[in-house]
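Engineer: Sharing a structure below in structure tokens format, with a few things to ask.
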Amino acid sequence: MIFLHDAIRALNSSIVNIRGEDAFDVNGNPVTYDMAAAQAKLTEMQAAEQATVAHKASAVSKLTALGLSADEINALIG
Amino acid sequence: MALTKVPGSMVSPAQSGSVIQTVNNNLFGNGAYFSTTTAGTYQATGHTLSITPQFSTSKILLTCTGFFGVNGVGAYLTIYRNSTDLSQTSGSYNSCLSGLFRSDGSGSANLFSFETVTFLDSPATTSSTTYQVYIQTQTSGQSAYWGADPAWLNHYNITFTAQEIAQ
């Protein structure tokens with residue numbers, strides 16, 4: 001699960017704490033950021049996460065077709 | 001109308017074990033309520049409540065609930081009374097009231113749990129006392145969350161309740 005907080009941090013490395021939509025640096029000072037850019041980054045990160053899930057499912061399917069057991073597949077990819 | 005004298009034993013102190021007052025701060029919203037990437041020092045979540053005990057001998061039963069999680073190796077939670085860490089060792093993640101940890105040390109995915117944390121405090125005061133939930137992450141740079149639905153509706157629902165218990 002990717003949260004908006006993750007996207008905000010991905011675009012702003014100085015942000016340490018986020019409370020709701022309010023972001024703060026390591027000294028507790030407020031940090032401003034571009035919410036529209038963060039929303040776009042969130043969409044991008046969620047798509048990447050979904051792609052990873054799909055790739056994993058595809059890999060499991062192909063390994064199963066090759067004759068690997070579920071235990072063997074789990075040992076490989078967790 | 002005739003006045004009735006109430007014996008002192010009937011009004012103070014309250015019967016031992018009875019609840020004198022209850023204060024709560026329940027929060028709802030979209031996304032995540034609070035997150036931090038700080039390790040080694042507990043961070044204030046902003047989830048607070050204040051209670052003014054009627055008796056200095058009273059206990060305060062604290063209960064907080066909600067999804068607690070980490071995108072990484074581990075995360076830790078405690079409650080502060082004013083500036084005092086109730087898990088006793090302020091500032092160290094070796095001390096906590098709740099924690100999440102991957103035993104294999106891996107940290108590439110989210111780990112979430114719906115937590116119910118309770119603590120029986122003895123503030124020994126009749127002054128207004130503020131309690132707050134604090135969290136930190138195990139590994140700097142990895143996100144820890146207080147109040148974040150990991151999968152379903154992408155909203156948070158966290159509760160924080162204090163009950164004064166007569167002694």
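Engineer: Give the residue, chosen from A:Thr64, A:Thr43, A:Thr52, that is within 11 Å of another protein chain (Cβ to nearest Cβ) and in a helix (DSSP H, G or I).
Structural biologist: Answer to the check: A:Thr52.
Engineer: Could I ask something else about it? Pairs under 8 Å by beta carbon, first residue more than 11 Å from chain A (Cβ to nearest Cβ) in region B:18-46, partner in a strand (DSSP E or B) and small (Gly, Ala, Ser), six or more apart or different chains?
Structural biologist: B:Thr22/B:Ala162; B:Val23/B:Ser50; B:Val23/B:Ala162; B:Asn24/B:Ala162
Engineer: Restricting the first residue to region A:18-47 and requiring it to be modelled with pLDDT under 95, which pairs with a second residue that is of a type in the set (S, T, N, Q) meet a Cβ separation below 6 Å and a spacing of at least six or different chains?
Structural biologist: Within 6 Å, no pair qualifies.
Engineer: Would you call A:Ala40 loosely packed, with under 15 Cβ neighbours inside 10 Å and not aromatic (Phe, Trp, Tyr)?
Structural biologist: In short, yes.
Engineer: Is at least one residue of region B:78-92 modelled with pLDDT of 90 or more, under 26 Å from A:Phe3 (Cα atoms) and surrounded by 13 or more Cβ atoms within 10 Å (Cβ to Cβ)?
Structural biologist: So far as region B:78-92 goes, yes, one or more of its residues are modelled with pLDDT of 90 or more, under 26 Å from A:Phe3 (Cα atoms) and surrounded by 13 or more Cβ atoms within 10 Å (Cβ to Cβ).
Engineer: Listed residues B:Gln136, B:Gln88, B:Gln54; which is in a loop (DSSP other than H, G, I, E, B) and in contact with a strand residue (DSSP E or B) (Cβ under 7 Å, 6 or more places away or on another chain)?
Structural biologist: B:Gln54
The values are calculated or read from the model by the stated rules, or taken from the named source; none is laboratory data. Owing to the predicted nature of the structure, the values given are computational and were not obtained by experimental measurement. Please note: Cβ atoms are built from the backbone with ideal geometry, for glycine as well, and neighbour counts cover all protein chains shown.
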